[in-house]
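Asks: Take this structure first; my questions come after.
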């Protein structure tokens, strides 16, 4: 496996939006043993894949439009209350068949690792259109933060749950710090549910259904016993990697402990050892902690998400500790920050390269004119 800071792995930049498949029939290039057939799930996926984009004019983009967020599109798909409930119920059963740590083997490579999406279903479909749809034999691992800070968290979550249900050996979704009740109450997903389902308290009820699903999500993945992936980071409470597997699901994210740190903690190049996080939740950890963790567990590297900082605006990812850890962020123009985004593609030989998706405003704005956000 190779991953370094020389820039040699910046293999691709994507600045176009591939259209959805002309034939909206779901591609079936997999053995039937790898597909869980369900007419409702298949129908939902067809509708989302075929949905058109609305809300963007054809005029030239400019700063005023960006400030007003008028250049943003949305996906023209309507998911009913009953459909969302049914998808949540199916997803819980599917997710609970997995352990807290998902172990992906050599035969599940190549694999694309995707960081924060934050309700950006347009860009999620752009990733699939560029790198391949899961039904065509492509493998995906998502690192969490699918909702909040966007307007289509319900649709994004239903798409990912439907894909995980239909392709359980090909699509894996982990838990982020935003897949939790308290966080979604404050950062938009609860309000989105109430807005989209205003009748008879349906908004609150569907939010509760999604919270139940979040409690079933795994928190970590290990790829070929060499690469460990999670949303946040490491924990001073975790003596052995297997400690995380002992946590019973469904569960909420506690205020402290292994699960809290797995979805909340951050690396910090200015820290040695452990320090309380600037987020006021969990910890920041230094390069010495990363090196010790990888050596003790015989891992080559860590892939995580959870942050978008100024050094990541151009490429969508950032290395720490000489490539022992990489942070990826996979949603372009996050909160109008005009950032590019990236995913990590892992080959069958565990070689990693990073695909950067360009924000369409990137060439017009200067990075110095926008502010980064460390809270994702």
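Asks: Give me the one-decimal nm value for the distance between modelled label points at residue 295 and residue 239, 7 Å along each residue's Cα-to-Cβ direction.
Replies: Going by the 7 Å Cα→Cβ label model, 2.0 nm.
Asks: Where in the range 289-316 does the amide nitrogen come within less than 16 Å of the point 7 Å from the Cα of residue 275, taken along Cα to Cβ?
Replies: 289-290
Asks: So, one more: Rounded to the nearest 0.05, what FRET efficiency do residue 78 and residue 348 have when you use their Cβ-Cβ distance and R0 = 45 Å?
Replies: 0.65
Asks: Answer rounded, prolate or oblate for the range 152-193, using the Cα gyration tensor with square roots of eigenvalues a ≥ b ≥ c: rounded when a/c is under 1.5, else prolate when a/b is larger than b/c, else oblate.
Replies: It comes out oblate by the Cα gyration axes.
Asks: Please work out the C-alpha center-to-center distance from the range 160-197 to the range 288-337 and express it in whole Å.
Replies: With the range 160-197 and the range 288-337 each reduced to a Cα centre, they are spaced 22 Å.
Asks: Which of the peptides 167-173, 81-87 is most tightly packed, and how do the rest follow, judged by the mean count of other Cβ atoms within 10 Å per residue?
Replies: Descending packing order for the listed peptides: 167-173, 81-87.
Asks: Students often get this wrong: which residues of the range 311-353 have the backbone nitrogen under 14 Å from the point 7 angstrom along Cα-to-C-beta of residue 109?
Replies: 345-353
Asks: A further question follows. Evaluate the Kirkwood expression for the hydrodynamic radius of the range 149-263, namely the inverse of the mean inverse distance over all pairs of different C-alpha atoms, and round to one decimal in Å.
Replies: 15.3
Asks: As a test of the definition: which semi-axes, in Å, follow for the range 26-369 when you take the square root of five times each eigenvalue of its alpha carbon gyration tensor? Largest first, please.
Replies: Each semi-axis is the square root of five times an eigenvalue, giving 28, 25, 21 Å.
Asks: Next question. Indicate the gyration tensor shape class of the range 210-284 (rounded, prolate or oblate), computed on the Cα atoms with a ≥ b ≥ c the square roots of the eigenvalues: a/c under 1.5 is rounded; otherwise a/b larger than b/c is prolate and the rest oblate.
Replies: Oblate, because a/c is 1.5 or more while a/b does not exceed b/c.
Asks: Describe numerically, in nm with one decimal, the distance between label points set 7 Å from Cα along Cα→Cβ at residue 208 and at residue 50.
Replies: Reported label-point gap for residue 208 and residue 50 is 3.5 nm.
Asks: Quick one: plug the Kirkwood hydrodynamic radius of the range 212-338 (C-alpha pairs) into Stokes-Einstein at 25 °C, 0.890 mPa s, and report D in µm²/s.
Replies: 162
Since every read-out is calculated from the coordinates, none of them should be taken as a lab result. No experiment lies behind these values; they were computed from the predicted model shown. Glycine also receives a Cβ, built like all others from the backbone with ideal geometry; neighbour counts cover every protein chain displayed.
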